[in-house]
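Remarks on the structure that follows.
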Amino acid sequence: MTTTTPHDVPSPFAGLGKKFDAALGRGIGHITRRALGPHQTAIVRIGFAATWLVFLLREWPHRAELYGPDSPWSWEMAQRLLADNGAFTVLMWSDSTLWFELVYHVAILASVGLLLGWRTRLTSVLFMLGVLSLQNRSIFMGDGGDNVIHLMAMYLVLTRCAQVWSLDARRRARPGRTDRADIVIWSLTGAALLAALISGNLTSPVWSLFLAGLWLVYAGWWVLERYAPAGEPRTVADILGNLIHNATLLVIMFQVCLIYATAGWYKIQGSRWQDGTAVYYPMQLDYFTPWPALTDALSNSGLVVMALSYGTVFVQVAFLFALLNRRAKNVLLVLMIGEHIGIAVLMGLPFFSLAMIAMDAVFLPTAFLLWLGSRTVRVRDRLLRRRPPAPADAPPAPAPAAVPIPPQSERTAPAWADRP
């Protein structure tokens, strides 16, 4: 007769340690081997670059009144404010008109470069500097969307947002490429950064360390790509880059959730949102009624006003919980994008809506983005392959040669002729 001791009984938790270790290993490998969300970060890059570019182009005739020497928020007033809050702007380095024009147009070029994904490591930094410089120069020139662009401009610097849909991706795909322009770029930008430090214009120690650190990291990355394309140093650099990208992508997602959750829960506490009349009041302001007839038609219906008020609160509060279910998340994304389109049309806030839609794009499903990319490529190819019209004096095209038709006895019946 044999007896069993408690040590002989298999424990139900015996394999949990190994399973946990295996799952942890897979998770670590998942976030270190590759940069997640390449299409999501690319569409965020394109969306914010396009939004800021269109804004700068639309306000180009009024640039001096908004951010330049003719602004009501004078250079002296901005200097006193920046001395208190420590915000960064290169427009405070000089009050000359030439310096302002240079900064404004460099911001436009940086937006174009980031939109196309050209030299993204450089253009993303220039885009961030342009956004911060203009917005911190005149802090009252915004509609709410400027705050989102302000944040996302800094986040995009830390992401690998040009893996797809960019000129950088096309250049990397070329076999045997030899890119010698980077050494010129990093030499010029390093000289400009050194000149700013020596001249005393870049006085903030935080921004000095940040910009100098970025330059050293990007220049070092170029050295690795050029002289050590394979090996342990490049592998470690790729792992660190993937970790920073994935952590920043998580921060962007958290930022989106925080904005909607905060906005929704604050709306719940308002009496106008509780009784369903909050949407009515901004519709009565002349500044937010670009289409008075359409606004009056909607605001005169109590049912429509109540549905819009309650629907806005519901979508913003429920979005955080909808992330737990893929289908619910996609439905709420459609509703939120529709809400922002309605704000752009009814209230005349197109750039606020474009910034919010670009921010929401980080949650778009990859299958939809791939479909959108394929459709865009197809439309582009059709436009590029369209033949120009022949000139009027061009000779007529020769007629095709006649093909002799064999007699009936020599003709061959098609393969499907014998099928029932």
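The values are calculated or read from the model by the stated rules, or taken from the named source; none is laboratory data. None of these values were measured; they are calculated from a predicted model. Positions of Cβ are backbone-derived with ideal geometry, glycine not excepted, and every protein chain shown enters the neighbour counts. To get the accessible areas, we keep the full protein, side chains included, count just its heavy atoms, and leave off ligands, DNA and RNA. Shrake-Rupley method; radii C 1.70, N 1.55, O 1.52, S 1.80 Å.
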Failed condition for A230, given (1) over 26 Å from the mean Cα position of the chain (by Cα); (2) open to solvent by less than 70 Å² (accessible area, probe 1.4 Å); (3) not assigned by TED's automatic domain parsing to the domain that holds V362: (2)
Total residues in segment 82-91, condition assigned to a helix (DSSP H, G or I) and either at pLDDT 90 or above or among the small types (G, A, S) (or both): 3
Matching residues, segment 41-72, being surrounded by fewer than 16 Cβ atoms within 10 Å (Cβ to Cβ) and part of a loop (DSSP other than H, G, I, E, B): P69, D70, P72
Members of segment 80-107 found to be surrounded by fewer than 16 Cβ atoms within 10 Å (Cβ to Cβ) and in contact with a helix residue (DSSP H, G or I) (Cβ under 6 Å, 6 or more places away or on another chain), listed by number: D95
Some residue of segment 177-195 being closer than 30 Å to P350 by Cα and either in a loop (DSSP other than H, G, I, E, B) or under 23 Å from the mean Cα position of the chain (by Cα) (or both): no
Sole residue being under 18 Å from A110 (Cβ atoms) and either modelled with pLDDT under 85 or surrounded by 13 or more Cβ atoms within 10 Å (Cβ to Cβ) (or both), chosen from L224, L188, L197, L156: L156
Hits in segment 122-175 - residues which are among the aromatic types (F, W, Y) and either more than 30 Å from E76 (Cβ to Cβ) or not in a helix (DSSP H, G or I) (or both): F140, Y155, W165
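Every residue, every condition in (1) at pLDDT below 95; (2) more than 27 Å from D84 (Cα to Cα), yes or no:
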residue	(1), (2)
G113	no, yes
W118	yes, yes
R137	yes, no
G144	yes, no
R160	yes, yes
Out of A297, A367, sole residue that is open to solvent by 20 Å² or more (accessible area, probe 1.4 Å), among the aliphatic types (A, V, I, L, M) and more than 24 Å from P38 (Cβ to Cβ): A297
Residues (touching a residue at least 40 places away in the same chain (Cβ under 8 Å), aromatic (F, W, Y) and out of contact with any Phe, Trp or Tyr (no Cβ under 6 Å at 6 or more places or on another chain)) located in segment 68-123: W73, W93, Y104, W118
Residue list for segment 324-344, restricted to those being under 20 Å from the mean Cα position of the chain (by Cα) and over 20 Å from A355 (Cβ atoms): K329, N330
Segment 160-172 - residue that is farther than 19 Å from L224 by Cβ and open to solvent by 20 Å² or more (accessible area, probe 1.4 Å) and, of those, farthest from the chain's Cα centre (by Cα): R170
